[in-house]
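The next block holds one structure in the form of structure tokens; read it before the comments.
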């Protein structure tokens, strides 16, 4: 039953499939479920009513049709994201040169910042680049996949239990549609079956753990292979355009490498020991197959249309060499410090170690002070630029309002009023 905080509690009935009371706080997620459930409904009508596909097979194919529809609609957004990332990499040497030019100024002013922003904006316009284009895919895909998982999970694990006589509608899917989905099988195994079920629950669904394992494991292995392949290819793509001097970019690459190892393990353990129905594993298989295929195809199209030029390659090699030199200095410092610590009993070593630490500390303090001073100057210039832009914007709005009011009084358009004003200004 629902608890006081709006969460749900598991309701266990001996020998029954576990039912889950509805979560009041999750009603917002139902908004995302309507378009996804509508797509599933249309695919079922198309397959079963028009093409005569058997009921149980139609619902299985609906899962693949759902992936085909949702991911197909998102192909233009995915291309925009890929293109934005590649163009950003190609522009990196040019933007870095512009920023370095203004960073070398000792006293940067609001005019300098305005000029820098104008040059960067002109560069983006020249290459038809918008930084926000890479974020659009995430804004659209997250609600879509939330709704998709919401529909599939609720259909495979309904609140009333799989053996109930009545099921609540899910989005645009009626209770009868949910009942038909629960009776659908894949190679004789019902779609709501999962590995962690009790023997009584397997008996209710008319299957066995051995039958589930025999059907599920090939699909699960395929999903894991496709997922790992896609993530490994993402690591390769990231390495191609990695900014070696950027700490955030290096951290992202390390995170991707760690995920290549742990995500497949997580998928396997979740499917083998968690409450992951066969329907969701089928979705994993289809979705990951689509993802790895789309990633490879879009990448090769990108390589053909937007190849990495010599300017980018030389800039990337320069940044990589700077990073290598920085790491070499750190290793040399640590090696020297370790050597002096091993000979700490010698007075000369103690003095040298003290001097080495003091020198390193002084360098850090000086670099921190210089960065802080530079940051303060830029902040003051940005504040002045914002005030100027705000004042100019306010004055422009006020002037436009006065022109509209005057034109309305004279019974003419704003353009005609401006022509009159220009003609009066030319008169002696």
message = Go through (1) surrounded by 14 or more Cβ atoms within 10 Å (Cβ to Cβ); (2) part of a helix (DSSP H, G or I); (3) modelled with pLDDT of 85 or more for residue 203 and report which single condition fails.
response = (1)
inquiry  = Looking only at region 385-428, how many residues end up being under 30 Å from residue 107 (Cβ atoms) and either over 43 Å from the mean Cα position of the chain (by Cα) or modelled with pLDDT of 75 or more (or both)?
reply    = 0
request  = From (1) surrounded by fewer than 18 Cβ atoms within 10 Å (Cβ to Cβ); (2) outside the structural domain of residue 182 (by TED's automatic domain parsing); (3) assigned to a helix (DSSP H, G or I), pick out the condition that doesn't hold for residue 267.
outcome  = (1)
ask   = Being in contact with a helix residue (DSSP H, G or I) (Cβ under 7 Å, 6 or more places away or on another chain) and more than 30 Å from residue 191 (Cβ to Cβ), is that true of even one residue in region 217-232?
value = yes
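Okay, residues lined up against (1) loosely packed, with under 14 Cβ neighbours inside 10 Å; (2) at pLDDT 80 or above; (3) outside the structural domain of residue 375 (by TED's automatic domain parsing); (4) over 30 Å from residue 80 (Cα atoms):
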| position | (1), (2), (3), (4) |
| --- | --- |
| 100 | yes, yes, yes, no |
| 103 | yes, yes, yes, yes |
| 106 | yes, no, yes, yes |
| 116 | no, yes, yes, no |
| 134 | no, no, yes, no |
| 143 | no, no, yes, no |
| 151 | no, yes, yes, no |
| 167 | no, yes, yes, yes |
| 173 | no, yes, yes, yes |
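The values are calculated or read from the model by the stated rules, or taken from the named source; none is laboratory data. On a predicted model such as this, the values are computed, not experimentally measured, just so you know. For neighbour counting, all protein chains shown are included, and Cβ atoms are generated from backbone atoms with ideal geometry for every residue, glycine included.
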